[in-house]
Every structure is written in C-alpha cells, then in structure tokens.
Amino acid sequence: MPEFAAVAFAFEVRFLVYLVITLGAALLSVIALTHCAVQKPDAFHAVGTLSKGAWIGILAISLLLSLLFSQRPGSGLIFTLVAIAASLVYLLDVRTGFKDLRGGGSSY
C-alpha cells in the first residue's frame, strides 16, 4: 500500500510544479503585455522590431495559451514554453531597446 501513496504523491507534486510554471508563464505574459500596451507605436520602429500591434497579438495569444492550458497538466506544456519564450523575447530584447532609446540603459 505505501507504493500507491508514493505514486499519488509524485503525481500531486508534478501537478503543483506544472501549475507554478503555468501561472508563472501567465504572469510573465501579463507583465510583457502591459508594458507593450503602454508604449508608443513609434518606439517600436525606432528599436527596429515588429510593430506594436504584432507584439500585442503575440503576447495576447501567449497569455491566452498559458491560461487555457493551465487546467490540463502535461498536455499543454509546449504551449506554456512558447508563452514563456515569447514573453522573455519581448522583455529581454524589445524592452531593453526602449531603455537604450531613453538613455536609461546601464553604463557598463
């Protein structure tokens, strides 16, 4: 009987880890989408990236996918990883470009 308890515990831990990853992806997508929404459209062209509408679409879809597949652990992991990747590309590449435009970048 203890082996069944161990298996049940493993599935519960797996579900909780997946839930944390999925909700973290959703939070990251919300942060990126909010930052994107408040930027001026001209700034995207100055940075040399996709337009504001394209980024809002990408980030909104990534948020939708991460929330949609948060109810099914394991089956939507690839969509959660795509949502994380899209949000991180925006935050680490485009957002950094905005900081450099304003002169708020690091002096290193």
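Between A5 and V30, what FRET efficiency comes out of the Förster formula 1/(1 + (r/R0)^6) with R0 = 30 Å and r the beta carbon distance, rounded to 0.05?
Computed FRET efficiency for V30 and A5: 0.20.
With a 10 Å Cβ neighbour count serving as the proxy for reagent exposure, in which order, fewest first, do E3, E12 appear?
E3, E12
GNM, the chain, Cα, under 10 Å: largest mean-square fluctuation among F44, F69, F11?
Largest GNM mean-square fluctuation: F11.
How much length, in nm to one decimal, is gained on full extension between L64 and F15, taken as 0.36 nm per residue of separation minus their Cα-Cα distance?
Result for the pair: 15.7 nm of gain on full extension.
Compute the separation of the alpha-carbon centres of the range 82-101 and the range 1-51 and state it in Å as a whole number.
14
Based on the Cβ-Cβ distance from L23 to A46, what FRET efficiency comes out when R0 is 35 Å, to the nearest 0.05?
0.55
Arrange the following residues from fewest to most other Cβ atoms within 10 Å of their Cβ: V13, V94.
Working: V13 10, V94 20.
Placing the least packed residue first, the sequence is V13, V94.
Kindly put D42, D100 in sequence by how many other C-beta atoms sit within 10 Å of each C-beta, fewest to most.
With the sparsest Cβ surroundings first, the list reads D42, D100.
Computed from the coordinates by the stated procedures, all read-outs in this text should not be read as laboratory data. Predicted model only: the values in this text are computed from it and were never measured. Glycine also receives a Cβ, built like all others from the backbone with ideal geometry; neighbour counts cover every protein chain displayed.
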